[in-house]
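Right, one structure below, let's go through it.
The values are calculated or read from the model by the stated rules, or taken from the named source; none is laboratory data. Being a predicted model, the structure only gives us computed values, none of them experimental. Heads up, the Cβs are rebuilt from the backbone with ideal geometry, glycines too, and the neighbour counts pull from every protein chain shown. Ligands, DNA and RNA are excluded from the accessible area calculation, which covers all protein heavy atoms including side chains. Shrake-Rupley method; radii C 1.70, N 1.55, O 1.52, S 1.80 Å.
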Amino acid sequence: MALPVLICDDSLLARKQVRKSLPESFDAEFQTAGNGLEALAILRAQEIGLVFLDLTMPELDGIGVLEAIKAESIDCFVIVISADIQPEMKKRVMELGALAFIHKPVNEDKLHSILKQYGLI
Amino acid sequence: MSTFGFSEEQRDCLQEIINVAMGLASDKLARFLNTFVHLQVPSIALVGASHIPAEFENRYQDTEAALVSQGFFGNEGVRGEAIVLYQMENAHKISALLGYEVGDVSEIEMLTDISSILTTTFLNGLADQIENSLSYSAPRVLSSVKGDLSSLLRSTSFHWEHALKVDISYQLVDHSFNCDMILLIPGEAVTNIQRILDRILEDY
């Protein structure tokens, strides 16, 4: 069965880059969000298995989304894909329960190995 | 940017490339200053280079300022000059953080270091993403007393036709520190940039 996946990034290019970096064998049904608030609206209304989440976004940033997911016990995996690559940021993101922290522009091999590690492909 | 005929897709693409390059530069700066940098989405705009002095006049009018400029050259006609602008008040805060005395001669050295970190990391990050590689000329520091920054900007920018203005605002954990970065580029570079953006967009 296809995995419901949400790609959240304010950049159209970045959303396409994530999509293109995923293996063909990845059976998913995609939705997109352009900021954190849009992402939360989707996450509250539907069951989403996996979120690809950008950090620096207007309206509500990725940290805000992770905090809400934690506070509301929303059940989903989150892989953060970020241009902000400071070790301190990675630490915060992992403490908030993200599965992984990937630097932009997204590296295909890294993404595949994480998906494999968690049995998603 | 619309005045230069950038489509929404081209603008989005350039913004994302700049965001990634900014992320690299912030990480380097954070390591250099041994602190955490709150990253904001930089706002970008393409303007005529002749408008640059007026654009910055207000912000730097009543303050001592410094300007660090550095030329860059790459393949495919990518070339230009990167300028980082500081209010000296801000620069003093960073000096204090790094243990320099205010007004110390080496404060200029520090500004040169920070500017180099910012511009070369930023531009290398940008070049990587468009599969280019850049070389740089030695940085040049110009400091100004109150009010004459616009004449410095005028003399620096008059060789160039266009300017890509990247408003960077760095918020350090315990200190606020703002600077502006401007990339001055020749006329044909805009067309070159658009062609490169289209090539990237075609891949997706």
Residue within segment A:50-59 that is open to solvent by 10 Å² or more (accessible area, probe 1.4 Å), out of contact with any Asp or Glu (no Cβ under 6 Å at 6 or more places or on another chain) and modelled with pLDDT of 95 or more present: no
The one condition in (1) open to solvent by 60 Å² or more (accessible area, probe 1.4 Å); (2) touching a residue at least 12 places away in the same chain (Cβ under 8 Å) that B:Ser155 fails to fulfil: (2)
Among residues of segment B:158-180, those that are of a type in the set (A, V, I, L, M, F, W, C) and closer than 16 Å to B:Gly80 by Cα, counted: 5
Residue within segment A:41-48 that is of a type in the set (D, E, K, R), in contact with an Asp or Glu (Cβ under 8 Å, 6 or more places away or on another chain) and open to solvent by less than 20 Å² (accessible area, probe 1.4 Å) present: no
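Any idea which residue in segment B:49-64 is nearest to the other protein chains (Cβ to nearest Cβ), counting only those that are outside any helix (DSSP H, G or I) and in contact with an Asp or Glu (Cβ under 8 Å, 6 or more places away or on another chain)?
Top of the filtered list is B:Thr63.
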In segment A:64-100, the residues that are away from chain B (no Cβ under 11 Å), assigned to a helix (DSSP H, G or I) and either of a type in the set (Asp, Glu) or out of contact with any Phe, Trp or Tyr (no Cβ under 6 Å at 6 or more places or on another chain) (or both): A:Gly64, A:Val65, A:Leu66, A:Glu67, A:Ala68, A:Ile69, A:Lys70, A:Ala71, A:Met94, A:Glu95
Selection status of B:Leu46, within 30 Å of A:Ile63 (Cβ to Cβ) and not in a loop (DSSP other than H, G, I, E, B): no
Given (1) open to solvent by 40 Å² or more (accessible area, probe 1.4 Å); (2) within 14 Å of another protein chain (Cβ to nearest Cβ); (3) in contact with a Leu (Cβ under 8 Å, 6 or more places away or on another chain); (4) among the hydrophobic types (A, V, I, L, M, F, W, C), number of the condition B:Leu201 does not satisfy: (1)
Residue ID - nearest to B:Ser157 (Cα to Cα), chosen from residues in segment B:113-130 that are at pLDDT 90 or above and open to solvent by 40 Å² or more (accessible area, probe 1.4 Å): B:Asn124
Residues of segment A:7-18 satisfying the condition of being facing chain B (nearest Cβ under 8 Å) and either open to solvent by less than 20 Å² (accessible area, probe 1.4 Å) or not in a loop (DSSP other than H, G, I, E, B) (or both): A:Ser11, A:Leu12, A:Leu13, A:Ala14, A:Lys16, A:Gln17
Candidates A:Glu29, A:Glu38, filtered to the one that is modelled with pLDDT of 95 or more, in a helix (DSSP H, G or I), more than 10 Å from chain B (Cβ to nearest Cβ) and open to solvent by 10 Å² or more (accessible area, probe 1.4 Å): A:Glu38
Subset of segment B:15-37 (residues that are part of a helix (DSSP H, G or I), more than 8 Å from every other protein chain (Cβ to nearest Cβ) and farther than 17 Å from B:Asn124 by Cβ): B:Leu33
